[in-house]
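The block underneath contains the structure these notes are about, expressed in structure tokens.
The values are calculated or read from the model by the stated rules, or taken from the named source; none is laboratory data. Quantities reported herein were computed from a predicted structural model and do not represent experimental measurements. Every residue, glycine among them, receives a Cβ derived from its backbone with ideal geometry; neighbour counts consider all protein chains shown.
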Amino acid sequence: MTRRDLEILHDTGAFNPSPRHRELSVTHVPFDTMTGTRGCEHALTAALRRQERVTLVGPSGAGKSSVIAATLHPLVEDLVPLPIPVAVERPAVAGDPVAFVRHLVQVVSRLVQLWQPESGGRARRIENETAPKIKRAKGFSVTPGLVGVSVRLAYELEAAVDEPTHTSDEIMDQGRQILDLFRARGLTPVLVLDDTDRWLSTTWLPESRQTRGAFFATVPRLLSEELDAAAVIAVHPSYLDDHAFRAARGFLSRMISVPAVPSAGAIAAILHRRIAVAFDARGLAAIEVNASCPNLDDRSAIFAHSSGATSDVVSASRVAGVPLWVKLSPNTPDLVAIAGAAIDAGADALVLVNTVLGMAIDIERRRAALGNGGGGVSGPGILPVALRAVYECRAAYPTTPIVGVGGVSTGEDAVAMLMAGANAVEVGTATFANPRAPWLVQSGLVEWMERHGVASPGEIVGAAHG
Ligand SMILES: Cc1cc2nc3c(=O)[nH]c(=O)nc-3n(C[C@H](O)[C@H](O)[C@H](O)COP(=O)(O)O)c2cc1C
């Protein structure tokens, strides 16, 4: 380890005792992994999927926020976390059901507002134009704060939170309606009350003990009886003997304790993860040089249609001093020779393939639909093209790392890509329909491997070559 490495660990706060909240889901090492049980993260996820109200018990700093962040991170398909700060930000809502529900509505409103006005408008336009003609089971937005929520649902939520309310009943109805909108789309909204142990440290909030008593006397019953909502409440162990908490137990379905970090090995795993995250953030692991962009006026100008030009591009890019991946074109009969030129010039890996040249015709206006005359075709239709490119280059260059890309949208597609000879797989177009597509491809690949007794993806790389 160099001094520079130590500076990176220092500057990135790798060993910060209170990591930033958005880093928690990546730095978290599951307690289930460390303890070899399914009593923490797995139990929490399962309980929330059953719409339960869970108390997550642990001292301050034990990892409650980490467990929650890792359990409800954006790649979890069906659980939508709604973080409801109560302890310091809004203690006034703790003992008042109507104020609490109004706060919930405001939280959802804030999440929806994270939509930029123009993208919200564009989303509505897309919905309006496509809804009558195309029935999409799932369309996903990448709205910050509402990752994984469909554009249509975000629009419905926006309308629901804007609905004026006057009476207590109307506010309660609005809260229920918002939660129902998520459920109608097959999602489980999870109210996350993660800051309650801050009442212990807010000495400047004189009546914090009373506030927390009012909270446990009010909110668990509200969550259970009025809202019937899944929730996770982070609870300090010292609260367990509080009268109000004990009285609330009947409204809280399950208690999960954050385990102690079990061993020196587990501590090493946590430090290892933090170091890895810090070094990942340090900069580039590799550069992928696109030598094959199809959107050029002059197709002969595509570098990857010529061995000489590809070689020049690779040589010029080597100055970057990091591993170099070169993205090549399927639109040339000389792909294998051009790949050889890239390798000879110093490419560390081949990325196969870019889009297939294509065009669309606007038949009403009798002209090319795309500004540049033509463009690139991507998505499932080009998987066979990509497979063949990977297969032929693997046969010609048995030891060169190959990244397969083109039409991959399922785990089985990834399996085929690996069998053709790819060492790794990229997912492009499928992410437009679902930003979680890479995760789905990965989990589909893992499922396939488990069904077929394959222990590691490396076992099937090149398997189709016999
Ligand atoms: C809208 C769009 C933009 C793209 N832009 C780039 C680009 O800037 N650089 C690049 O190397 N490939 C680009 N590609 C190609 C993709 O990275 C990928 O090679 C190709 O789409 C095939 O994979 P897919 O079927 O998974 O999308 C683009 C593809 C699409 C559809």
Next item on the list: Output the number of the condition that V219 fails; it satisfies all remaining conditions of (1) in contact (Cβ under 8 Å) with a residue 40 or more places away in the chain; (2) not assigned by TED's automatic domain parsing to the domain that holds P83.
Entry: (2)
Item checked: helices (runs of 4 or more DSSP H) completely within segment 387-466 that count 3 or more residues being touching a helix residue (DSSP H, G or I) at 6+ places or on another chain (Cβ under 6 Å) -> 411-420, 437-451
Checklist line | Among the candidates L328, L335, L324, residue that is at pLDDT below 95, in the same structural domain as C393 (by TED's automatic domain parsing) and buried (at least 17 other Cβ atoms within 10 Å of the Cβ) | finding: L324
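Residue by residue, here is whether (1) over 30 Å from G213 (Cα atoms); (2) more than 16 Å from the ligand (Cβ to nearest atom) holds:
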residue	(1), (2)
R249	no, yes
L252	no, yes
S257	no, yes
S263	yes, yes
A266	yes, yes
I270	yes, yes
N290	yes, no
Next item on the list: Test T33 against the criterion of being surrounded by fewer than 17 Cβ atoms within 10 Å (Cβ to Cβ), part of a loop (DSSP other than H, G, I, E, B) and hydroxyl-bearing (S, T, Y), and give yes or no.
Entry: no
Next item on the list: Could you list, in sequence order, all residues of segment 404-424 that are within 12 Å of the ligand (Cβ to nearest atom) and either surrounded by fewer than 20 Cβ atoms within 10 Å (Cβ to Cβ) or modelled with pLDDT under 95 (or both)?
Entry: T410
Margin query: Taking the criterion of being touching a Ser or Thr at 6+ places or on another chain (Cβ under 6 Å) and outside the structural domain of R152 (by TED's automatic domain parsing), would at least one residue in segment 438-459 satisfy it?
Written below: yes
Margin query: Taking the conditions exactly as written (in the same structural domain as F182 (by TED's automatic domain parsing), of a type in the set (S, T, N, Q) and either assigned to a loop (DSSP other than H, G, I, E, B) or buried (at least 17 other Cβ atoms within 10 Å of the Cβ) (or both)), does S60 satisfy them or not?
Written below: yes
Check: Here are some conditions: (1) under 27 Å from the mean Cα position of the chain (by Cα); (2) at pLDDT 95 or above. A266 meets all but one. Which one does it not meet?
Finding: (2)
Notebook entry, point to check: From the residues in segment 229-268 that are farther than 18 Å from A87 by Cβ and charged (D, E, K, R), which one is surrounded by the most Cβ atoms within 10 Å (Cβ to Cβ)?
Noted result: R254
Notebook entry, point to check: Are any of the residues in segment 90-102 closer than 26 Å to V151 by Cα, β-branched (V, I, T), assigned to a helix (DSSP H, G or I) and in contact with a helix residue (DSSP H, G or I) (Cβ under 6 Å, 6 or more places away or on another chain)?
Noted result: yes
